[in-house]
Every structure is written in structure tokens, then in C-alpha cells.
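S.K.: Please see the structure below; I have some questions.
The values are calculated or read from the model by the stated rules, or taken from the named source; none is laboratory data. All values reported here derive from a predicted model rather than from experimental measurement. Cβ placement follows ideal geometry from the backbone for every residue including glycine, while neighbour counts extend to all protein chains displayed. Side chains included, ligands, DNA and RNA excluded: accessible areas come from the protein's heavy atoms. Shrake-Rupley method; radii C 1.70, N 1.55, O 1.52, S 1.80 Å.
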Amino acid sequence: MWKDFDIEMARAVTISYEQLLKDYLDHPSESYEQEYPEFKDFRRYLKETEMNSCRWNKDKMMKMVEDYKKMNAVYKAIYRKGFISSKDLKALFTKEFKKRGISISPKATQIMNCDLYEIKKSKVRIKGKLTDGYEIGDWKFKIEM
């Protein structure tokens, strides 16, 4: 009888990692960050939908964060001033992601997350056809390559 009670109490008191993280996202605090230092990176790099797609699994979310941290190296590698079509940009991302072991899916829209240089969504006529893409401008600050 007491054994069953202890098990039920343990279930009632045990808080899932998911619940702790959700509470942190709603109410960020240093005490959470001291106990769970990864929470700060999760909050900075991941959307809640991405955390959910990882099923709130710490290892999967940490891998995704590492992938996002590698993105600045990708942005540096693909930098070419001027217009680039969405199709060509996705191909560059695919190549660089594979080279760096990044597991997130490459999408041309990821260029909009780049803080290293100026980017504007653009449309240009190429051989008479309107082509979606991005205009890549100057570096926002001096960068070491």
C-alpha cells in the first residue's frame, strides 16, 4: 500500500524537462540558467515549434543549436555581393550544410537571419523571366575571413 502511494507521489512531483523548459520560456530567470545552462541557447536559437519538433529532447535540441551556431560560417562562405536567385542560394546552402555537417534543412529564406551583411528580398528579370531572390549588400562591420 505505501509502495503504491510512493510511486503515485513520485509521479505527481516529477516535473518533465519539457515543462521546466516551457516554464523558463514563459518566465526566463538566472536560477533556471544556472541549473540548466542550455536553456539560454535554446531560447536564443530555437523557436518553440522547433523545440516541439525535437519532442523537447535535450540532445536533439542541442544538436539543432550547434547547427544554428555554424550558420555564421555558412554566411561567410556564401557571401557574394549582388543578386542571387532563391534557387541558387538554396543550392549554396545545401553544399555548405553538407560540408559542415549541419542537419537542418537548407532554405533560401535562412539568409534573412544573417546579421553579417545587408540583405533585401528582391525580384529581377533574367532572360525575360521574373526571378525571386535576394540582393546581398555590404558587410555590416569589418569581418575577419
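S.K.: Positive end of the charge dipole of the chain (Lys, Arg +1 and Asp, Glu -1 on Cβ, about the Cα centre): tell me which of I102, N57, G82 has its Cα farthest that way.
M.R.: The one lying farthest along the dipole's positive direction is G82.
S.K.: Straight-line reach from K81: which aspartates and glutamates have Cα under 20 Å away, leaving out those fewer than 8 places along the same chain?
M.R.: Output for K81: E96, D115, E118, D132, E135, D138, E144.
S.K.: At Y36 and K22, where each label point lies 7 Å from the Cα along Cα→Cβ, what is the point-to-point distance in nanometres?
M.R.: 1.1
S.K.: Okay, next question. Please get the size of the charge dipole for the chain, origin at its Cα centre, with Cβ charges of +1 on Lys and Arg and -1 on Asp and Glu, quoted in debye to the nearest 20.
M.R.: Roughly 1520 debye for the chain.
S.K.: How high is the relative contact order of the chain? Use alpha-carbon pairs under 8 Å, at least six apart in sequence, and give a whole percent.
M.R.: Contact order relative to length: 18 percent.
S.K.: Along Cα→Cβ, 7 Å out, is where each label goes; now give me the distance between the ones at W139 and R125 in nm to one decimal.
M.R.: Here the answer is 3.6 nm between the modelled labels.
S.K.: Over the chain, what lengths in whole Å, largest first, do the semi-axes of the equivalent ellipsoid take, defined as the square roots of 5 times the eigenvalues of the alpha-carbon gyration tensor?
M.R.: 43, 16, 13
S.K.: At 1.4 Å probe size, with the rest of the protein present, what percent of the exposed accessible area of the chain is carbon and sulfur atoms?
M.R.: The computed percentage sits at 51.
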